[in-house]
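Sending over a structure as structure tokens; questions will come in a sec.
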Amino acid sequence: MKTEIKETYRTKHLPFSELLLERVRKQSELGVPEIYPGFDGTDADSGLSTDGYLKNDVFQKETDLLRRRPFLAGFQDTLSKPGDCVSTNFMDRNWILLRDEKNDLRAFANTCLHRGTRLISGEDTKSIRKIVCPYHSWTYATDGELLTSGCEAGNKKLREIPLMETAGMVFAGETNEILDLIEPVRREWDEYKLDSYVPFTVLKEEGEYNWKVGVEIFLETYHIATLHKNSVAPVVEKNASVFDPIGEHARILIPNRSYKAAEIPSRKDLIITYFIFPSTILVLFRDHFGLIQFQPISAERTRCLRAVLIPEKPKTDRMVRFWEGNRDFFFRTTSEDLALAPEIHAGVRQSERIYPSSWEPGIFHFHRSLGNAE
Ligand code: FES
Ligand SMILES: [Fe+2]
């Protein structure tokens, strides 16, 4: 279909070294998965204990770790006007995300200074002029300042949470140091010029599986030929991806069928997946991207958020249809992945060990990062 999409949204630029692009070319010619440098194979022999997917003490340690990492708190576009406000949750964290009178996005702990009542409820965006507690009406300005006079609270301001805005998304973390952990990946996203991006569709669902089972499906491409044989497999080179760690995060480059013949490969020749440790995945296509975030609920239950972001709000029905087609493709293929998550988990429950292969270096990188994380 011919579309009215602006060419500027289709930047050709790939922010990768020649060396990395050459690694992808080599794999697409060989047609076997790459074993990334540093992978010594011994992990594959011993496998992984399944305790890590089932035991509550492991889960407790992981939730502590997740608190020390940023998470996707929302989208810039859903808070477009001053006073727009929403409550955002990640595990037991509950924060207010709002656009203040100066048009800046801010986040605050969603808890009244008086007796702790949740100030903003529900997942829909609301338009407010002040934050008013539903219990005794203590009132706060959009900069978090307590306005009600004569109230004795240890603090006169709601606790502010640092935010980072990038590619139409808003990430939040308890401290600036925590937010800085995404910096290496954010700098690379800047090169794709994704700042105008808006969510086209957002889906949330829960399933019976450990959150790591969900993440791991997106850290390897070995399954594409089988699980996605009628969706992704026909457009990408078989078993040709390159897994490339960025500290605890990673990028996975999956060449399309056009990659081999391209003199200088560009965005259209690759599907680029970013893994933001520990539970967020961004899949970059030529002119839109998909997002997946796993939120653990318990060792055996997980909430998954999926979204498709596009360069700007569609202005014509034709553009709506165009993006619907792209969105449906992303949701269809990721539904193939997510449908398998409870099946994997059910099997893991009955095994003592599992044995990821040397063709799935992302799994080992993930577990090593979990083990080393501070
Ligand atoms: S708990 Fe908020 S005003 Fe009392
Ligand atoms: Fe998949």
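Does any residue in region 315-343 that is more than 16 Å from ligand 1 (Cβ to nearest atom) come within less than 6 Å, Cβ to Cβ, of a residue that is in a helix (DSSP H, G or I) and open to solvent by 20 Å² or more (accessible area, probe 1.4 Å) six or more places away or on a different chain, and which pairs are these?
The qualifying pairs are Glu336/Leu227.
Of all residues in region 331-342, count the ones that are within 11 Å of ligand 2 (Cβ to nearest atom) and closer than 12 Å to Phe289 by Cα.
Total meeting the criteria: 0.
Now for a different question. Using the structure shown, decide if Thr148 is surrounded by 13 or more Cβ atoms within 10 Å (Cβ to Cβ), more than 15 Å from ligand 1 (Cβ to nearest atom) and in a loop (DSSP other than H, G, I, E, B).
no
The rows are residues; the columns are (1) open to solvent by less than 70 Å² (accessible area, probe 1.4 Å); (2) at pLDDT below 95; (3) closer than 24 Å to Val215 by Cβ.
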site: Thr63; (1), (2), (3): yes, yes, yes
site: Ser87; (1), (2), (3): yes, no, no
site: Gly154; (1), (2), (3): no, yes, no
site: Leu158; (1), (2), (3): yes, no, no
site: Gly168; (1), (2), (3): yes, no, yes
site: Phe171; (1), (2), (3): yes, no, yes
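Quick one: would you say Ile252 is over 13 Å from the mean Cα position of the chain (by Cα) and either within 15 Å of ligand 2 (Cβ to nearest atom) or part of a helix (DSSP H, G or I) (or both)?
The answer is yes for Ile252.
Let me ask something else. Taking the options Arg267, Arg321, Arg306, name whichever one is more than 16 Å from ligand 2 (Cβ to nearest atom), open to solvent by less than 30 Å² (accessible area, probe 1.4 Å) and basic (Lys, Arg).
Just one listed residue meets the conditions, Arg267.
Can His288 be described as open to solvent by less than 20 Å² (accessible area, probe 1.4 Å) and away from ligand 2 (no atom under 16 Å from the Cβ)?
yes
Another question, if that's okay. Of the residues in region 131-140, how many are open to solvent by 80 Å² or more (accessible area, probe 1.4 Å) and hydroxyl-bearing (Ser, Thr, Tyr)?
1
Continuing with this model, one more query. Does Asn372 fit the bill of being in contact (Cβ under 8 Å) with a residue 60 or more places away in the chain and either open to solvent by 30 Å² or more (accessible area, probe 1.4 Å) or within 28 Å of Phe200 (Cβ to Cβ) (or both)? Talk me through it step by step, then tell me what you get.
On the way: in contact (Cβ under 8 Å) with a residue 60 or more places away in the chain: yes; either open to solvent by 30 Å² or more (accessible area, probe 1.4 Å) or within 28 Å of Phe200 (Cβ to Cβ) (or both): yes.
For Asn372, the condition - in contact (Cβ under 8 Å) with a residue 60 or more places away in the chain and either open to solvent by 30 Å² or more (accessible area, probe 1.4 Å) or within 28 Å of Phe200 (Cβ to Cβ) (or both) - is met.
With the checklist (1) open to solvent by less than 40 Å² (accessible area, probe 1.4 Å); (2) over 14 Å from Gly173 (Cα atoms) in hand, flag the one item Arg69 doesn't pass.
With respect to (1) open to solvent by less than 40 Å² (accessible area, probe 1.4 Å); (2) over 14 Å from Gly173 (Cα atoms), Arg69 is out only on (2).
Still on this structure: Can you spot a residue in region 205-227 that is modelled with pLDDT of 95 or more, among the hydroxyl-bearing types (Ser, Thr, Tyr), crowded, with 16+ Cβ neighbours inside 10 Å and closer than 26 Å to Asp124 by Cα?
Taking every residue of region 205-227 in turn, none turns out to be modelled with pLDDT of 95 or more, among the hydroxyl-bearing types (Ser, Thr, Tyr), crowded, with 16+ Cβ neighbours inside 10 Å and closer than 26 Å to Asp124 by Cα.
Within region 103-130, can you find the residues that are more than 10 Å from ligand 1 (Cβ to nearest atom) and open to solvent by less than 40 Å² (accessible area, probe 1.4 Å)?
Correct list: Leu105, Ala107, Phe108, Ala109, Asn110, Ile120, Ile128.
Please find, within region 203-223, the residue that is nearest to ligand 1 (Cβ to nearest atom) out of those that are under 16 Å from the mean Cα position of the chain (by Cα) and of a type in the set (Phe, Trp, Tyr).
Going through the qualifying residues, I end up with Trp211.
The values are calculated or read from the model by the stated rules, or taken from the named source; none is laboratory data. The structure presented is a predicted model; accordingly, all values stated were derived computationally and were not measured. Note that each Cβ is placed from the backbone with ideal geometry, even for glycine, and that neighbours are counted across all protein chains shown. Ligands, DNA and RNA are stripped out before the accessible areas are found, and what is left, the full protein with its side chains, is counted by its heavy atoms. Shrake-Rupley method; radii C 1.70, N 1.55, O 1.52, S 1.80 Å.
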